[in-house]
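Have a look at the structure below before the remarks.
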Amino acid sequence: MKKVLLLLTVLFLMVACGGQAVAPEDEMAVPETAVATAEIVEEAAVESAEPTELILMSHDSFAISEEVLLAFEAEHNAKITLLPSGDTGAALNQAILAKDNPLADLFFGVDNTFLGRALDADIFEAYESPLLAEIDDALEQDGTHALLPVDYGDVCINYDKAWLAENGLDAPTSLRELADPTYAGLLVVENPALSSPGLAFMLATVSEFGTDGEYTFLDFWADLRANDVLVTNGWEDAYYGHFSVASEGERPFVVSYASSPPAEFIYADPPVAESPSASLVAPGMCFRQVEFVGILKGTEQRELAEIFVDYMLSQPFQEDIPLNMFVFPANQNAELPQAFTEWAQIPAEPASVDPEEIDAHRDEWLEAWTEIVLR
């Protein structure tokens with residue numbers, strides 16, 4: 001501001017003392033030097049403005065390249081502050097509790113397993129981004145546009161290709177086969193009450209077997225328990241503690257993501273010619289998780305928040321997602337890295353459960369699952 005005042009003073013002195021006499025008919029004319037100096041003053045005012053802070057609240061797994069954020073900050077004179085807040089459920093609960101005094105301007109990480117709860121809490125402002133034209137319609141699960149899809153990932157059973165080959169075992173082609181004695185003691189899963197992929201896999205079984213009838217999802221889980229399924233508290237313990245590809249674990253089947261095989265290929269040490277793992281992607285065996293971003297009600301930076309949502313849905317941001325969060329971009333025009341095109345399998349018919357049904361029955365299903373599997 002001091003710089004601006006100084007330049008204005010210089011301008012005044014130049015006009016008052018340095019200019020020539022002005023003819024009466026030109027009394028309204030502005031000297032060229034004054035115009036040029038005014039432009040300098042305006043540019044200086046813009047350059048001296050402090051960046052506008054925009055706070056993005058998310059789950060702990062949000063990751064994007066620093067240069068992608070810096071590019072946005074430089075273009076819009078902004079400062080993006082990240083606020084990781086635990087897993088998806090914990091982060092969403094914090095946002096709901098703080099609805100009268102929001103902790104951030106935007107929230108990223110609500111997925112379709114929590115979509116109903118998020119919308120019922122009424123903490124988001126609707127925004128129909130023009131970039132939605134580039135997003136797969138199937139991913140847009142909120143017609144109000146309070147939450148916009150950013151990425152998706154398929155939770156599947158991953159398996160150790162070498163282990164199966166060495167033991168002369170074929171990969172199962174349906175969920176029901178996993179309960180066959182052929183696969184006894186070979187599967188590790190995550191507790192759905194504590195783990196996001198664990199919950200997604202349980203929902204795949206709800207979709208496949210239903211909750212009523214002759215053979216329900218709970219019957220399937222009872223069969224898995226009898227078949228010596230191993231349940232861990234979280235993905236990290238399941239994958240790095242017991243999966244035979246990623247550790248010295250003894251289990252060649254694990255609940256993970258269809259994007260895990262590309263990660264195994266990229267980070268293999270020493271390098272490998274192909275990914276050592278693959279996913280079971282037969283119809284109904286995977287559950288598609290979609291993650292959304294929304295503008296929190298009460299933000300004082302609504303315009304900038306909209307611009308950032310557009311940026312998150314644009315190609316530069318979207319193409320940075322796969323190798324940072326190992327999920328797929330929602331923008332159909334985003335190019336995938338080679339490791340994804342070669343080793344990731346996208347299910348043609350992923351399982352799905354209506355978000356409202358999930359919200360209505362999640363606790364009931366989890367309680368019943370716990371009674372059957374962990375009692």
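Here is the figure for region 94-129: residues that are without any contact (Cβ under 8 Å) to a residue 60 or more places away in the chain and among the β-branched types (Val, Ile, Thr) total 1. Counting only residues that are at positive phi and in contact (Cβ under 8 Å) with a residue 40 or more places away in the chain, region 161-188 holds 1 of them.
The single condition from (1) within 24 Å of Phe108 (Cβ to Cβ); (2) of a type outside the set (Phe, Trp, Tyr); (3) not in a loop (DSSP other than H, G, I, E, B) that Ala222 fails is (1). Pick from Ser195, Ser259: which is modelled with pLDDT under 95, small (Gly, Ala, Ser) and within 20 Å of Ile346 (Cβ to Cβ)? From the options Ser195, Ser259, the qualifying one is Ser259. Glu303 meets all of the listed conditions (1) assigned to a helix (DSSP H, G or I); (2) farther than 18 Å from Glu73 by Cβ; (3) among the acidic types (Asp, Glu) but one, namely (2). Looking at (1) among the hydrophobic types (A, V, I, L, M, F, W, C); (2) assigned to a helix (DSSP H, G or I); (3) surrounded by fewer than 20 Cβ atoms within 10 Å (Cβ to Cβ); (4) under 23 Å from the mean Cα position of the chain (by Cα), can you tell me which one Leu194 breaks? All conditions are met except number (2). When Glu319 is tested against (1) closer than 21 Å to Glu140 by Cβ; (2) of a type in the set (Asp, Glu); (3) touching a residue at least 24 places away in the same chain (Cβ under 8 Å), exactly one condition is not met: (3). Of all residues in region 80-110 being touching a Gly at 6+ places or on another chain (Cβ under 9 Å) and in a strand (DSSP E or B), which is surrounded by the fewest Cβ atoms within 10 Å (Cβ to Cβ)? Across region 80-110, the extreme among qualifying residues is Phe108. Within region 62-93, the set of residues being free of Cβ contacts under 8 Å to residues at least 12 places away in the same chain and at positive phi is empty. The residue that is nearest to Glu67 (Cα to Cα), counting only those in region 284-310 that are crowded, with 22+ Cβ neighbours inside 10 Å and in contact with a helix residue (DSSP H, G or I) (Cβ under 6 Å, 6 or more places away or on another chain), is Val293. Among the residues that make up region 324-333, is at least one of them buried (at least 18 other Cβ atoms within 10 Å of the Cβ), modelled with pLDDT of 95 or more, of a type in the set (Phe, Trp, Tyr) and not in a strand (DSSP E or B)? Looking through region 324-333, none of the residues is buried (at least 18 other Cβ atoms within 10 Å of the Cβ), modelled with pLDDT of 95 or more, of a type in the set (Phe, Trp, Tyr) and not in a strand (DSSP E or B).
Scanning region 258-274 for residues that are out of contact with any helix residue (DSSP H, G or I) (no Cβ under 6 Å at 6 or more places or on another chain) and either surrounded by 13 or more Cβ atoms within 10 Å (Cβ to Cβ) or among the acidic types (Asp, Glu) (or both) yields Ala258, Ser259, Ser260, Ala263, Glu264, Ala268, Asp269, Glu274.
The values are calculated or read from the model by the stated rules, or taken from the named source; none is laboratory data. Please read all numbers here as calculations on a predicted model, not as lab measurements. No Cβ is skipped: glycine too gets one built from the backbone with ideal geometry, and neighbour counts run over all protein chains shown.
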